[in-house]
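The values are calculated or read from the model by the stated rules, or taken from the named source; none is laboratory data. All figures in this text were calculated on a predicted structure; none of them were measured in a lab. For neighbour counting, all protein chains shown are included, and Cβ atoms are generated from backbone atoms with ideal geometry for every residue, glycine included. These accessible areas exclude ligands, DNA and RNA; they are computed on the full protein's heavy atoms, side chains included. Shrake-Rupley method; radii C 1.70, N 1.55, O 1.52, S 1.80 Å.
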Amino acid sequence: MELSVYNIKGEDTGRKISLDDSVFGIEPNDHVLYLAVRQYMAAQRQGTHKSKERSEISGSTRKLGRQKGGGGARRGDINSPVLVGGARVFGPKPRDYDFKLNKKTNALARKSALSTKAKENKIIVVENVNFDAPKTKDFVSILNGFKIADKKSLLVLSESNKNVYLSARNIQNADVITSSELNTYKIMSAANLLITEDALANIEKILKA
C-alpha cells in the first residue's frame, strides 16, 4: 500500500511512501486485539481498594447473645458481618490486575491494529513535526489542515519532543506518543493516526524484528 506524504499544513507534497505489508497489511486478529486492550486497561487500575474483615475491626469480642433460641441468625460478637457496622465477608484487598502477554502476541496485536487503520484509510503520513515553542494554536492548525480537529487523533513521533507534547496537552481529542511507546489501545482508540516519516520507519523496524 502506498500513501501520500503531507506537510504540517495538510498539503500534499507530491511524494509517496510504501507501507510494509507485513506490518500494515495483515489480516487483523480480533481476539489478540481484545487481549492487548484488556491488558492495557487492567494495567491502568490502581488496585488499592480495601475493606476490613472481621479480624481487623476494632470492637469487643464478647458474645452478644446465646447461640440458640434468640429467633435470629447466630452473630457472635459486635464485629459480626450480619450487624450494622460489622466487618465485610471476603471484601476487596489490594491487588495487581496486570497480566502478561507474550512478546509475539503484543507485536501481532499492534500489527492488527495498524492494519485495521490502514484498511479504513485512517493513517496520514506527515513530514517531520517540530515547533520552536509550545503553542496550542499551532497544533490546532495542523488538525484543521487535515480536517480532523473534531475527531480523536494520535500523533506518532520518532522521538520525544517537549514542544509538540505541550502544544497538544490542552486539546481534549489529541494525543502525542513516540513510536517506541506505541501500543494497541492508543491505536484503536484514535479515529485518525498522524505518523511522521521517521516514526513510520521506526514502527516497521520494531515490528519486523
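Ser58 fails exactly one of the following numbered conditions: (1) open to solvent by less than 100 Å² (accessible area, probe 1.4 Å); (2) hydroxyl-bearing (Ser, Thr, Tyr); (3) outside any strand (DSSP E or B). What is the number of that condition?
(1)
Looking at segment 62-69, can you tell me whether even one residue there is surrounded by 14 or more Cβ atoms within 10 Å (Cβ to Cβ) and at pLDDT below 95?
No, segment 62-69 has no match at all.
Among Asn106, Asn128, which is closer than 30 Å to Ser22 by Cβ, out of contact with any helix residue (DSSP H, G or I) (no Cβ under 6 Å at 6 or more places or on another chain) and modelled with pLDDT under 90?
Every option except Asn128 fails the conditions.
Among the residues of segment 37-55, count how many are assigned to a loop (DSSP other than H, G, I, E, B) and not acidic (Asp, Glu). Reasoning before the result, please.
Kept after step one, since they are assigned to a loop (DSSP other than H, G, I, E, B), are these residues of segment 37-55: 45-53.
This time we only want the ones that are not acidic (Asp, Glu), so: 45-52.
So the answer is 8.
For segment 1-19, enumerate the residues that are under 18 Å from Lys122 (Cβ atoms) and either of a type in the set (A, V, I, L, M, F, W, C) or assigned to a loop (DSSP other than H, G, I, E, B) (or both).
Selection gives Met1, Leu3, Val5, Gly10, Ile17, Leu19.
Criterion first (in contact (Cβ under 8 Å) with a residue 24 or more places away in the chain and either under 30 Å from Leu194 (Cβ atoms) or touching a strand residue (DSSP E or B) at 6+ places or on another chain (Cβ under 7 Å) (or both)) does Thr136 satisfy it?
Yes, satisfied.
I'd like the residue in segment 82-92 that is out of contact with any Pro (no Cβ under 9 Å at 6 or more places or on another chain) and open to solvent by less than 90 Å² (accessible area, probe 1.4 Å) and, out of all such residues, is farthest from Ser58 (Cα to Cα).
Restricting to residues being out of contact with any Pro (no Cβ under 9 Å at 6 or more places or on another chain) and open to solvent by less than 90 Å² (accessible area, probe 1.4 Å), the top hit is Pro92.
Here's a check for you: in segment 145-191, which residue that is touching a residue at least 60 places away in the same chain (Cβ under 8 Å), more than 19 Å from Lys205 (Cβ to Cβ) and assigned to a helix (DSSP H, G or I) is least open to solvent (accessible area, probe 1.4 Å)?
That would be Gly145.
Checking Gly59 against (1) over 19 Å from Met188 (Cβ atoms); (2) touching a Lys or Arg at 6+ places or on another chain (Cβ under 6 Å), only one condition comes out false. Which one?
Status for Gly59: all satisfied but (2).
For segment 84-142, give me the residue count where each residue is under 20 Å from Ile177 (Cβ atoms) and either in contact with an Asp or Glu (Cβ under 6 Å, 6 or more places away or on another chain) or in a helix (DSSP H, G or I) (or both).
Qualifying residue count, segment 84-142: 20.
Look at Ile203 and say whether it is under 15 Å from Thr116 (Cα atoms) and buried (at least 22 other Cβ atoms within 10 Å of the Cβ). Before you say what the answer is, go through the steps one by one.
Values: under 15 Å from Thr116 (Cα atoms): no; buried (at least 22 other Cβ atoms within 10 Å of the Cβ): yes.
Against the criterion (under 15 Å from Thr116 (Cα atoms) and buried (at least 22 other Cβ atoms within 10 Å of the Cβ)), Ile203 does not qualify.
Condition check ((1) acidic (Asp, Glu); (2) without any contact (Cβ under 8 Å) to a residue 24 or more places away in the chain; (3) more than 30 Å from Tyr34 (Cβ to Cβ); (4) surrounded by 10 or more Cβ atoms within 10 Å (Cβ to Cβ)) across all residues:
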| position | (1), (2), (3), (4) |
| --- | --- |
| Asp77 | yes, yes, yes, yes |
| Ser80 | no, no, yes, yes |
| Pro94 | no, no, no, no |
| Thr105 | no, no, no, yes |
| Lys117 | no, no, no, yes |
| Lys122 | no, no, no, yes |
| Val125 | no, no, no, yes |
| Asn130 | no, no, yes, yes |
